[in-house]
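These notes concern the structure reproduced below.
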Amino acid sequence: MVPHEVFAALADPTRLDVLTRLAKGGPATATELSVSVPVSRQAITKHLAALDAAGLVDRNPSGREVRYSFDPSPLGDLVKWVEGVGDTWDRRLERLGSTLE
Amino acid sequence: MDESRFEELAGDVVVERSVVLPAGPDSIWEHLTDGDLLGDWMDGEVTIAPRPGGAITLAPPDGPVVWGTVEVVIPERRLQWSWRTDDGLPTQVEIDLDPAEGGTILTVRETLLPWTTSGLQPQWTDWPDRRAFLSAVA
């Protein structure tokens, strides 16, 4: 699978900021994040939804709020994507080489 | 994930391969710019209009169609295009030919073109602050 949602999620500076805070500062709620990231709580919630869709955060209910934590596993998918592209070119160039021989 | 992996992602996301082919650049160029010949080694049905702005499509036997635009055509030297699948990542492919002893060196680079989804239309943009983020979480 091509993890384009992961790239898209990482492409926004505010989302990257939110994710960096979760990665460095540990799990937090949208309210807690809105204290340290200079955008509205609603905007934070929207960014967290995008990060959730990309699998970059885990949601854990905490009282009436949801506590979010950083999930690094999709970054491994990016590595796999890069490796898949490399394998494809290896096969193509091998075919081209035998065709030209 | 180890640190070299983070380094890889922190820079441009690029795949590069180089091979020496036992043929001259004229013959290889034909295999790059003729749709049927290109399809034989790319593995799929290929259409290509080998001029800047021309269309290129690849329909692989087992995957979605990749479509895009030819960007650079320098006969027997360099071919470049950008393409994507409908819901996949846009990438740029650069193929360079250089003379070598006993043949020609072909170098291919496929680079991810970062994008954001603002609204429904993907927008091609810089991927900001990747290095800062990746070094922060590594």
Meets criteria (within 10 Å of chain B (Cβ to nearest Cβ), surrounded by 14 or more Cβ atoms within 10 Å (Cβ to Cβ) and assigned to a helix (DSSP H, G or I)) for residue A:32: no
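Select from segment A:49-96 the residues that are among the charged types (D, E, K, R) and touching a Lys or Arg at 6+ places or on another chain (Cβ under 7 Å) and write down the one among them that is surrounded by the fewest Cβ atoms within 10 Å (Cβ to Cβ).
Step one: of segment A:49-96, the residues among the charged types (D, E, K, R) are A:52, A:58-59, A:64-65, A:67, A:71, A:77, A:80, A:83, A:87, A:90-92, A:94-95.
Okay, now just the ones that are also touching a Lys or Arg at 6+ places or on another chain (Cβ under 7 Å), so A:52, A:90.
Working: A:52: 16, A:90: 13.
Out of the qualifying residues, it is A:90.
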Some residue of segment A:51-61 being assigned to a helix (DSSP H, G or I), without any contact (Cβ under 8 Å) to a residue 60 or more places away in the chain and not aliphatic (A, V, I, L, M): yes
Count of residues meeting criterion [open to solvent by less than 50 Å² (accessible area, probe 1.4 Å) and either at pLDDT 85 or above or in contact with a Cys (Cβ under 7 Å, 6 or more places away or on another chain) (or both)] in segment B:1-24: 5
Residues of segment B:25-57 classified as farther than 26 Å from residue B:100 by Cα and of a type in the set (A, V, I, L, M, F, W, C), total: 5
Residue A:45 of a type in the set (Ser, Thr, Tyr), within 14 Å of chain B (Cβ to nearest Cβ) and surrounded by 13 or more Cβ atoms within 10 Å (Cβ to Cβ): no
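The values are calculated or read from the model by the stated rules, or taken from the named source; none is laboratory data. Since we're looking at a predicted model, the values are computed, not measured. As a convention, Cβ positions derive from the backbone with ideal geometry for all residues, glycine included, and neighbour counts pool all protein chains shown. For the accessible areas, the whole protein counts, side chains as well, though only heavy atoms, and no ligand, DNA or RNA atoms are used. Shrake-Rupley method; radii C 1.70, N 1.55, O 1.52, S 1.80 Å.
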